[in-house]
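> Structure in structure tokens, see below.
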């Protein structure tokens, strides 16, 4: 009965009902989209920082992080590989050898990081292969061929098939130098990384640097990336105290802290939005219900109980809130899905993004149906709760007072 009466009243006051639905739908859509944008930007930052190169789990000599010198290399990479060959949870295990060198081309000289990799495995643990913009990716048998970042290539003024010389320090502290030919150029979107990174086949760099069977670190791709911390602990137990295995949350503690701070401020902002929405809905409901005081007074005068009036008004509120949050959720979810496929591009803000290590100015949103449903449920509860006080206050009038209200 109360449902039918509520529907009739909603139809009878079409203008107020439409305004209420528009107000709540817009705020629901705003909340859904704001959450999707915040989650999407965080996901982009994490993927840009973790998956592009650092990896989910790193294995190093126990003293390498505190003192990244040639004395603290992994001097038996084969032994580490063999020790972890049967450890469950490892999808890919690959060694790297990093060395800071001086690149030179023509009259340009630029410092950078030259890294020896296993090209096939590296293509699975990082996004170097996916980031190729020009030329070709590396192969295991390549010798004196380099795959370099787009910003580094720009600074050296070289392109595919051009020659680049380098000089650096070998594993035995001798000078190592050679001439490389640019095989490919990549662009990851991390400005600092693209500005200094270059890669060659590890078999070639091992010969040039005198570092056969050496590695600065190993990268591990977990079968389940969300279990990176647990896998790192298991690897540490397997290898013993000589080595250290750390998940990305340890190796990139600064990023984790930044995400936490950003999330806190994001939820504070959303909390302020919630408070504003709550009082806007409450004030509007107070005005709308107060305009119906004569009607409520007549209902009370003909014998309608206060509880029945209360249930009728709450049912109206519930129905309007339900329609509003569904409409708002569909709108906000559609926007989140669209901008996930077509990221928001902040053209003209390249320099500001570079300050945060990003060369790309496009930010996708996250499309998570469960999160959208959660936001819709929060808005539904908020919308209904905001109407309870006005309904209670208006329902507290005596029939004679309500009938004579102007």
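The values are calculated or read from the model by the stated rules, or taken from the named source; none is laboratory data. All of these numbers come straight from a predicted model, not from anything done at the bench. Don't worry about glycine lacking a Cβ; one is built from the backbone with ideal geometry, like all the others, and counts go over all protein chains shown.
> Which residues, taken from the stretch 112-133, are in contact (Cβ under 8 Å) with a residue 60 or more places away in the chain, over 21 Å from the mean Cα position of the chain (by Cα) and under 15 Å from residue 185 (Cα atoms)?
Within the stretch 112-133, 112, 113, 114, 115, 119 meet the criteria.
> Now a separate question. Out of (1) farther than 22 Å from residue 342 by Cα; (2) not assigned by TED's automatic domain parsing to the domain that holds residue 206, what's the single condition that is false for residue 40?
Among (1) farther than 22 Å from residue 342 by Cα; (2) not assigned by TED's automatic domain parsing to the domain that holds residue 206, residue 40 violates only (1).
> Would it be correct to say that residue 109 is in the same structural domain as residue 189 (by TED's automatic domain parsing), more than 25 Å from residue 177 (Cα to Cα) and surrounded by fewer than 18 Cβ atoms within 10 Å (Cβ to Cβ)?
For residue 109, the condition - in the same structural domain as residue 189 (by TED's automatic domain parsing), more than 25 Å from residue 177 (Cα to Cα) and surrounded by fewer than 18 Cβ atoms within 10 Å (Cβ to Cβ) - is not met.
> Which of the residues spanning the stretch 231-257 are without any contact (Cβ under 8 Å) to a residue 24 or more places away in the chain and either out of contact with any helix residue (DSSP H, G or I) (no Cβ under 7 Å at 6 or more places or on another chain) or in a loop (DSSP other than H, G, I, E, B) (or both)?
Within the stretch 231-257, 233, 236, 237, 240, 250, 253, 254, 257 qualify.
> Is there a residue being touching a helix residue (DSSP H, G or I) at 6+ places or on another chain (Cβ under 8 Å), under 23 Å from residue 250 (Cβ atoms) and surrounded by fewer than 18 Cβ atoms within 10 Å (Cβ to Cβ) anywhere in the stretch 42-51?
Within the stretch 42-51, one or more residues are touching a helix residue (DSSP H, G or I) at 6+ places or on another chain (Cβ under 8 Å), under 23 Å from residue 250 (Cβ atoms) and surrounded by fewer than 18 Cβ atoms within 10 Å (Cβ to Cβ).
> It is to be established whether one or more residues within the stretch 19-28 are surrounded by 14 or more Cβ atoms within 10 Å (Cβ to Cβ), assigned to a helix (DSSP H, G or I), over 31 Å from the mean Cα position of the chain (by Cα) and not assigned by TED's automatic domain parsing to the domain that holds residue 237.
yes
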